[in-house]
Every structure is written in structure tokens, then in C-alpha cells.
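Written out below as C-alpha cells is the structure these notes cover.
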Amino acid sequence: IPSAEPVSAGNIESAGAEETPQPSRFQIFMRKALTWLAVVVVAFLGGFITFYFSLYQPKVDELNQAQTTLAETQDEVAQLEAQLASVSAQRDALETADEYRHLLSILADTYAARLALVEENTAAAKSAFSDTDETLDVIIDVIQDFDAKLAESLPQRLNLIRTNIDGNLENAIADCDLLIKDLRDIEKALYQ
């Protein structure tokens with residue numbers, strides 16, 4: 001039987017110390033490497049989190065704000081384009097009405113001149129055509145688009161009427177009738 005020694009605290013420690021072997025150099029190196037690796041990983045994660053909240057997230061917020069602003073601006077552009085289309089349509093209608101007004105003005109001048117010629121009032125007939133050339137110049141392009149030959153003949157017919165006012169009233173009246181017919185044809189084709 002082995003000798004019985006009393007078990008004391010010192011004996012337990014020395015017995016436990018003998019049982020745990022000393023770590024090898026490789027194990028010590030691995031422990032230090034794992035510790036440093038953990039420090040590096042924690043530092044990396046800390047940097048990543050800092051980057052995310054200080055740089056990335058604000059840029060994402062700016063991008064979202066820019067996209068919202070872009071969407072609002074696109075809506076505004078769409079509304080403005082609709083308004084522009086409406087204004088353009090109104091402008092076109094106004095131009096058409098103004099062209100029609102000029103045509104009716106020439107027609108009224110021609111009727112007034114014809115009436116004056118029937119009454120043999122040559123001064124009134126000349127006066128009726130006093131502004132007709134300027135009015136015709138305003139709408140000659142519209143008439144040109146409708147009928148090029150007619151656009152060329154209207155100023156000639158107007159000059160022929162003026163020439164015949166002082167000479168042959170019957171020819172002047174006949175030319176007024178032809179001018180009225182041409183103007184009515186334009187009116188029917190373009191404005192009715």
C-alpha cells in the first residue's frame with residue numbers, strides 16, 4: 001500500500017499542476033493570433049458600422065430625397081406640358097379666329113365697295129379699300145396654303161377693281177362679285 005500522506009492544499013495544487021501540460025509555442029502563437037484577429041474583426045466591424053452610419057446612410061437618404069424631388073419635378077413637368085398643350089391649342093384657335101377676322105374684314109370692305117359702286121359713289125368705293133392691302137398681306141400665307149393660284153390672283157383682282165373704279169363701273173362691280181365669291185370659297189373651306 002502506498003504510503004498514506006495527508007492530503008493538503010499544497011499537495012492538491014502540485015498534483016493539478018503536474019496534470020496540465022504547458023502549451024506549446026504553436027498554441028501560444030495561435031492564441032495570440034486569434035486574439036489579434038478578434039481585435040481586427042471588431043475594429044473592422046466598428047469601421048464598417050461607422051462608415052455605414054456616417055457616410056453610406058446619409059448618401060442613401062440624399063438619394064431618396066433626390067428621387068422624391070425628381071418624381072415631384074417630373075409631375076410638375078407633366079402638368080406644365082399639359083398646360084403648354086392647352087395654351088398652344090388656345091393660341092392656335094386665337095390665330096385662326098384672327099385670320100378669320102381679317103378675311104371677314106376684306107369681305108366687308110369688298111361688300112362696301114360694291115355697294116358704293118352700285119350707287120356710283122367712286123370716292124366711297126376707293127375709301128372702302130383703303131386698308132384692304134394691309135389686311136390681305138396678313139392672311140396671304142393662309143390663303144397660299146389653301147390655294148396658291150388664288151393667293152396670287154387676289155391682289156391682282158383688288159388692283160383691277162381699283163383701276164376700274166375710275167373707268168368702267170360695271171367691270172369693277174363684276175370684279176367685286178368675283179372677289180366676294182373667292183373670299184366666300186376660302187371662308188367655307190377654312191373656317192366653316
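The set of residues in the range 178-192 that are aliphatic (A, V, I, L, M) and in contact with an Asp or Glu (Cβ under 9 Å, 6 or more places away or on another chain) comprises I186, A189, L190.
Might you let me know whether the range 147-165 holds any residue that is surrounded by 17 or more Cβ atoms within 10 Å (Cβ to Cβ), under 15 Å from L104 (Cα atoms) and of a type outside the set (A, V, I, L, M)? Among the residues of the range 147-165, not one is surrounded by 17 or more Cβ atoms within 10 Å (Cβ to Cβ), under 15 Å from L104 (Cα atoms) and of a type outside the set (A, V, I, L, M), which makes the answer no.
Screening D137 on (1) surrounded by fewer than 16 Cβ atoms within 10 Å (Cβ to Cβ); (2) over 37 Å from the mean Cα position of the chain (by Cα); (3) closer than 15 Å to S105 by Cβ shows it passes everything except condition (2). Every residue in the range 134-167 that is among the charged types (D, E, K, R) and touching a residue at least 40 places away in the same chain (Cβ under 8 Å), please. Listed by number, the list holds a single entry, D166. Tell me whether the range 80-100 contains one or more residues that are touching a residue at least 12 places away in the same chain (Cβ under 8 Å), closer than 14 Å to L179 by Cβ and part of a helix (DSSP H, G or I). For the range 80-100, residues touching a residue at least 12 places away in the same chain (Cβ under 8 Å), closer than 14 Å to L179 by Cβ and part of a helix (DSSP H, G or I): absent. Taking the conditions exactly as written (farther than 24 Å from R101 by Cβ, modelled with pLDDT of 90 or more and surrounded by fewer than 16 Cβ atoms within 10 Å (Cβ to Cβ)), does A123 satisfy them or not? Here the answer is yes, as A123 does meet what is asked. In the range 168-191, the residues that are closer than 24 Å to K126 by Cα form no Cβ pair under 6 Å with any partner that is of a type in the set (V, I, T) and surrounded by fewer than 16 Cβ atoms within 10 Å (Cβ to Cβ), whether six or more places apart or across chains.
The values are calculated or read from the model by the stated rules, or taken from the named source; none is laboratory data. Model, not experiment: these values are computed from the prediction. All Cβ positions, even for glycine, are placed from backbone atoms using ideal geometry, and neighbour counts span all protein chains on display.
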